[in-house]
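Below is one structure; the comments refer to it alone.
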Amino acid sequence: MVLNNNKILAAVLLLSFTLILVAAGMFCASRLVNLPEGKYFAVFQNQVDFFNPRVVSDTLLTRERLFVCKDVEVIEKELAPEDLRGFSRKELVAKFAPGRWRVTFHDPKSLILTEQSEQLCSIHKNYQHLGLFQGRMAIYEGPLGYNEKIVRVESIAAADLPNDLQIKLQQAMDFQKLSGSAAAMLRGDLEFTTEEALNAALENIDEHGEEQH
């Protein structure tokens, strides 16, 4: 009789233990299957929004102008107007002519429209610098690195100039290739913010040339 009771008790304990294991397994399975799936979907959804944003009511629109001297002028900052809301980056690029405008839109919170100007900025339009043109020293409009407009060509041949000045004039024509420190030094020698400073430098070059002759 005692033996039978022990068998019954052992069977009850085994059944209880089995039920506990089954319940624990079901709980763990729900944690492993459902939660990661939800997290994965949320992350995936965020990635889609990040790579394909659209203009919304709180998108900050910045309009700016990029000059040929690489300076940037911020024209205005405001919330995007209603007629742009809902636009994707692709639609914005189609709306704003690529030849004149550059669209920067990677975050629905910020949209930047950059107008690409063919002019110098208000500061650099008064600059002039020395360079070379067809073997002669020339004066160019704008800062070093902008060689689009010649103000005048001097009568002095580059070959008659001191060797160090010839090297600097050649560097001026390849200004974009210079490092930061070398570019800064060349600006101090060949770039001028006023007509008076330019004329003083030209007089000094003329005097140096006369001494060599």
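Derivation of every value follows stated rules applied to the coordinates shown; laboratory data play no part. Small disclaimer: the values here were computed from a predicted structure and weren't measured. Cβ: placed from backbone, ideal geometry, glycine included. Neighbour counts: every protein chain shown.
Remark on the stretch 127-212: Rg and Dmax equal 11.9, 33 Å (Cα only). When the charge dipole of the stretch 138-213 is built from unit charges on Cβ atoms (+1 for Lys and Arg, -1 for Asp and Glu) and taken about the Cα centre, the candidate among Ala182, Val151, Leu161 whose Cα reaches farthest toward its positive end is Ala182.
Charges were assigned to the Cβ only: +1 to each Lys and Arg, -1 to each Asp and Glu. The resulting dipole of the stretch 60-116 about its Cα centre is roughly 240 debye. For Lys70, the aspartates and glutamates whose Cα comes closer than 13 Å to its Cα, not counting residues fewer than 8 places off in the same chain, are Glu115, Glu118.
In the calculated pair distance distribution of the stretch 60-116, what percentage of Cα-Cα distances lie above 16 Å? So the pairs more than 16 Å apart make up 40 percent of the total in the stretch 60-116.
Once the Cβ-Cβ distance of Asn204 and Gln176 is raised to the sixth power relative to R0 = 25 Å, the FRET efficiency obtained is 0.40.
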